[in-house]
1. What are the radius of gyration and Dmax of the stretch 79-143, computed over its Cα atoms and given in Å?
2. Taking the Cβ-Cβ separation of Val74 and Lys35 as r and a Förster radius of 25 Å, what is the calculated FRET efficiency to the nearest 0.05?
3. Could you compute the net charge surrounding Ala40? Neighbours are other residues with a C-beta less than 10 Å from the C-beta of Ala40; K and R count +1, D and E count -1.
4. Counting other beta carbons within 10 Å of each residue's own, what order do Ile99, Ile117, Ile173 fall into, fewest first?
5. Convert each backbone phi in the stretch 53-63 into a coupling constant with the Karplus relation 6.51 cos²θ - 1.76 cosθ + 1.60 (shift: θ = phi - 60°), then list the ³J(HN,Hα) values in order as whole Hz, x for Gly and Pro.
6. Does the stretch 24-185 come out rounded, prolate or oblate, given a ≥ b ≥ c as the square roots of the eigenvalues of its C-alpha gyration tensor, rounded meaning a/c under 1.5 and, failing that, prolate meaning a/b above b/c?
7. Among the listed pairs Lys77/Lys131; Lys35/Lys61; Lys104/Lys153; Lys35/Lys153; Lys77/Lys104, which have their C-alpha atoms separated by more than 21 angstrom in this model?
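Quick note: the coordinates plus some simple rules give every number you see, no bench work behind them. Predicted model only: the values in this text are computed from it and were never measured. So basically every Cβ, Gly included, is an ideal-geometry build from the backbone, and we count neighbours across all protein chains shown.
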Amino acid sequence: MKKIPVLLFLLACVAFSCKNRTAPAEDASRGYIVKTGDEAPDFQIQYLDGSTERLSNYRGKVVMLQFTASWCGVCRKEMPSIERDIWQKHKENLDFALIAVDYKEPADTVQEFAESIRVTYPLTLDESGGKFHLYAAQGAGVTRNIIINRDGKIAFLTRLYDPAEFAEMVRVIDELLAQPSDDENSR
């Protein structure tokens, strides 16, 4: 007799999960306050070496923003794939930029994190969390990637690490980079 309520509960959970599954970039429950097609909110990037630059200075490039943190297990799982499948593939491409934004941690922690996870792409600082919250709601979790096209518009959003979604993100980056830049069109 006690097995029936548990079974009904499990079936209800599965039904709720399936019913509420939508396309990743359009799922507001993922904690985003931006959506594909929006202009990417601008902010000042603060690199570990102390240099700064505005995200808008990368207009004309395909940009991948990765929001991460050293305490995030899913981030640690995803970052080697980003290093191998995206950064190593495109790091020499002048039309591509990968910027990891570390959520609410000081520079020494971020530096140790980069060394421990063995990524070579740049990790930057967001000690107050303000940059993250230009894209995600208060209380939303990290492990997010935002792909920005050459016009500064959001082209793709991810949440957590799902191999199929990651593969789709890689495809989107490759596709955006295959499109000619304005510089190439003017020749």
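1. Expressed in Å, the Cα Rg and Dmax of the stretch 79-143 come to 12.8, 36.
2. 0.70
3. -2
4. The order, fewest Cβ neighbours first, is Ile117, Ile99, Ile173.
5. 7, 8, 4, 4, 5, 8, 4, x, 10, 8, 10
6. rounded
7. Lys77/Lys131; Lys104/Lys153
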